[in-house]
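Presented below is the structure to which this report refers.
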Amino acid sequence: MPVASRLFLKFNEKNLMMITLKGGLGVAKFAMVGVLLGGAVAGAPLAFAEGGSRLEAFDGAARIMKCSGSIVKFPSSQKSDKGLFLTNAHCAENPPSGDQVVVNAPESHLVTIVRGVKITNAMDVRTTKLLYATLKRSDVALYELDKTFEELERGGVKPRYFAKATPEVGDELSIPSALWGKSYLCGFNGFIPVLKEGNYYWEKSLRYSGEKCGLIPGTSGSPIFNKDGEIVGIHNTKNEGGKKCEADNPCEVDESGKVSVAQGVSYGQRVDELVGCFDSGRIDFHKKGCSLHKGAELNSDSSAQ
């Protein structure tokens, strides 16, 4: 998983937003030009939201603290329900460790939602509760927001839906990062039985790569969209240096236990288990077919038991 990083923003004399990223990878500087932030992303999939309106590259994308994420809607979600923000568990303020999960924990964080293709055209909301988070078998966190879906949509936000089918090898994936204001295009390589990074093991991780797939720290939590603009996964890590099974250098473990390393390749986590356990605005571990990791809850109430 990408290391924690610090962001320093300022505008130079030409009004280019200069972003300095300091973290375990050293110091990197990026100039984000208005044309890049305000224009369409070449090659991005053409998709449509509920009601038939066109989805732009960053619709539904959002950012929290040092990570990216997205506003999501489940099949059971109603307009009167509180909105939902999806990102990685390692992006949480107090990430779960070991076998632990976090369930229904009150947490208040600023979330900036991006609309359309302009990174400056956003709505600010706050999280009220961390509905679920785990780093066991996956790397996923789902937050409840202080605005309903109706309020979000009235403000121009277009939540994203989850795909019903998994991607196929060769499919083009779009991964927009609201933190960086950039969308990446990647080719899907298939699923990895086990992805190991340090002490973490993630099952059936998505593997993707390509010339336009240069994901960087801060893209963690970004939604992975198929050609229809539906979420098929969440980006969470990349092998940066070709090292084996270390932080920022995950390794692949196949069915026979053979370990391999693919430098420069990125990985994401599945979302189907989350969909299978969500009902009526909450995580329901008793829902038929629910296979989410239950663990030893750090925070819980009876509704999630």
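The single condition among (1) within 23 Å of K136 (Cβ to Cβ); (2) crowded, with 17+ Cβ neighbours inside 10 Å that N199 does not satisfy is (2). Scanning the stretch 195-226 for residues that are within 10 Å of the chain's Cα centre (by Cα), within 19 Å of A163 (Cβ to Cβ) and not aliphatic (A, V, I, L, M) gives G221, S222, P223. Checked against (1) in a strand (DSSP E or B); (2) charged (D, E, K, R); (3) without any contact (Cβ under 8 Å) to a residue 60 or more places away in the chain, R63 passes all but condition (3). Among the strands (runs of 3 or more DSSP E) confined to the stretch 124-204, the ones with at least 3 residues that are more than 22 Å from L110 (Cβ to Cβ) and in contact with a strand residue (DSSP E or B) (Cβ under 9 Å, 6 or more places away or on another chain) are located at 172-177, 182-197. Identify the residue in the stretch 250-290 that is polar (S, T, N, Q), out of contact with any strand residue (DSSP E or B) (no Cβ under 7 Å at 6 or more places or on another chain) and modelled with pLDDT of 95 or more and, among all such residues, is nearest to I231 (Cα to Cα). In this case the residue turns out to be Q263. Exactly one residue out of S220, S300 is at pLDDT 95 or above, part of a loop (DSSP other than H, G, I, E, B) and within 25 Å of G83 (Cβ to Cβ), and it is S220. In the stretch 172-197, the residues that are small (G, A, S) reach residues that are surrounded by fewer than 18 Cβ atoms within 10 Å (Cβ to Cβ) with C-beta atoms within less than 6 angstrom, at least six apart or across chains, in these pairs: G181/M32; G187/G210; G190/V169.
Residues satisfying the criterion are present in the stretch 97-115 (criterion: in contact with a Pro (Cβ under 9 Å, 6 or more places away or on another chain) and at pLDDT 90 or above). Inclusion of A141 among residues that are at pLDDT 95 or above, buried (at least 19 other Cβ atoms within 10 Å of the Cβ), more than 14 Å from I71 (Cα to Cα) and among the aliphatic types (A, V, I, L, M) is not warranted. Of the residues G229, G276, the single one that is within 19 Å of the chain's Cα centre (by Cα) and surrounded by 19 or more Cβ atoms within 10 Å (Cβ to Cβ) is G229.
The values are calculated or read from the model by the stated rules, or taken from the named source; none is laboratory data. Because the structure is predicted, anything quoted here is derived from the model rather than measured. FYI the Cβ positions are ideal-geometry reconstructions off the backbone, even for glycines, and counts take in every protein chain you see.
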